[in-house]
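Novice: Dropping a structure here in structure tokens format, bear with me for questions.
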Amino acid sequence: MTEGTVELACSGVVATVTFNRPAARNAMTWRMYRELGEHCRELADTSQVRAVVFRGAGSEAFVAGTDISQFSAFGDGDDGLAYERQIDQCIVLIEKLPMPTVAAIEGWAVGGGLAIATACDFRVATPGARFGVPIASTVGNTLSMANFARLSSALGLQRVRRMLLLAEMLRADEGLACGFLHQVCESGEIENAVQTLTERLTALAPVTQAVVKEALRRLTVEGLPLDDDLIRRVYGSADFKEGVAAFMARTAPAWTGR
């Protein structure tokens, strides 16, 4: 399966970042994370773009997490720590974009895909969209402290507990009810909905928007507790190795608690 690409295109004052690996539900490869970071750095340095839309290629998924096959090369907890730091660096670049950002979500927004969507300022989705971090039922890994904070701020602590401890998926109507989603609309209407939203955003004061975004980011993720020990514990565990192997073999993992 190809490594996929992350593509950047501009139309007037609106940029679109597309996760393009539809055959794998746009699951992120290391190459895609690098390209995402490069595009965000480019966007941060321009004054011509007033809003950015993030979307997945095809209608099956926004981003269905990180490609699990890449975890097969992990040897110990330090590999997991490096991975979580890499993800956080990408998410921070999205959060720090000075212009408003919109995630246009069709299908799955899972794991790293949910983190990317949560880093955006607004989310518009179709009724069939699903959101979650089912790591307790898949590979048995964890999130960084910053991503725990982002999800808790956007979704509420108890809903995040359900997502992570019970591996529950959130439906679009639930996401709308709790304020996580700005709008839910049919697939054929999402383009117009996103355009309407970006037109509203680009008509407003850009300096105010940039300052509000940074203030809210600092409230959410600055001054968090350290988490290196937690990440090392999970990624260095026998359960994580079992989870990855079982996922690749398409069998049920046999958790041992070690």
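Please treat every number below as a calculation from the coordinates, not as lab data. This one's a predicted model, so the numbers in the text were calculated from it and none came from an experiment. Virtual Cβ from ideal backbone geometry, glycine too; neighbours counted across all protein chains shown.
Novice: Against the 2.2 N^0.38 Å scaling, with N counting residues, where does the range 3-123 land? I'd like the Cα-based Rg ratio to two decimal places.
Specialist: After normalising by residue count via 2.2 N^0.38 Å, the value is 1.02.
Novice: What whole-number value in cubic angstrom gives the convex hull volume per residue for the C-alpha atoms of the range 38-191?
Specialist: Output value, Cα hull per residue: 115 Å³.
Novice: What list of whole percents do you get for P(r) of the chain, with Cα-Cα distances grouped in 10 Å bins up to the one holding the largest distance?
Specialist: Pair shares across the bins are 7, 31, 38, 19, 4, 0.
Novice: To the nearest 10 degrees, how steep is helix 145-155 against the longest Cα principal axis of the chain, on a 0 to 90 scale?
Specialist: Around 60 degrees separate the two axes.
Novice: Can you give the calculated 222 nm mean residue ellipticity of the chain, where each DSSP H run of n ≥ 4 adds -39,500 (n - 2.57) and the sum is split over every residue, rounded to the nearest 500 deg cm²/dmol?
Specialist: -14000 deg cm²/dmol
Novice: Take the Cα atoms of the range 32-73, find their three principal axes, and give me the spread along each one in whole Å, biggest first.
Specialist: 41, 27, 10
Novice: Choose one of Gly175, Ile190, Leu97: the residue whose Cα lies farthest towards the positive end of the charge dipole of the chain (beta-carbon charges +1 Lys, Arg; -1 Asp, Glu; about the Cα centre).
Specialist: Checked the options; the winner is Gly175.
Novice: Give the angle, between 0 and 90 degrees and rounded to the nearest 10, that separates the Cα long axis of helix 30-44 from the longest principal axis of the Cα atoms of the chain.
Specialist: Rounded to the nearest ten degrees, it is 30.
Novice: Quick one: give the max-minus-min coordinate of the C-alpha atoms of the range 137-258 along each principal axis, largest first, in Å.
Specialist: 54, 39, 24
Novice: Would you please classify the overall shape of the range 199-256 from the alpha carbon gyration tensor, given that a ≥ b ≥ c denote the square roots of the eigenvalues, rounded means a/c under 1.5, and beyond that prolate means a/b larger than b/c while oblate covers the rest?
Specialist: Verdict is oblate for the range 199-256.
Novice: Oh, and also: What translational D, rounded to a whole number of µm²/s, comes out for the range 76-134 from Stokes-Einstein when the hydrodynamic radius is the Kirkwood one over Cα pairs, at 37 °C and 0.692 mPa s?
Specialist: 264 µm²/s
Novice: In terms of the ratio Rg/(2.2 N^0.38 Å) built on C-alpha atoms, what value belongs to the range 113-168?
Specialist: Here the Cα radius of gyration is 1.10 times the empirical estimate.
Novice: Another one. Calculate how steeply helix 238-249 sits against the longest principal axis of the alpha-carbon atoms of the chain, using the helix alpha-carbon long axis, and give the answer as 0 to 90 degrees to the nearest 10.
Specialist: The two axes meet at around 70 degrees.
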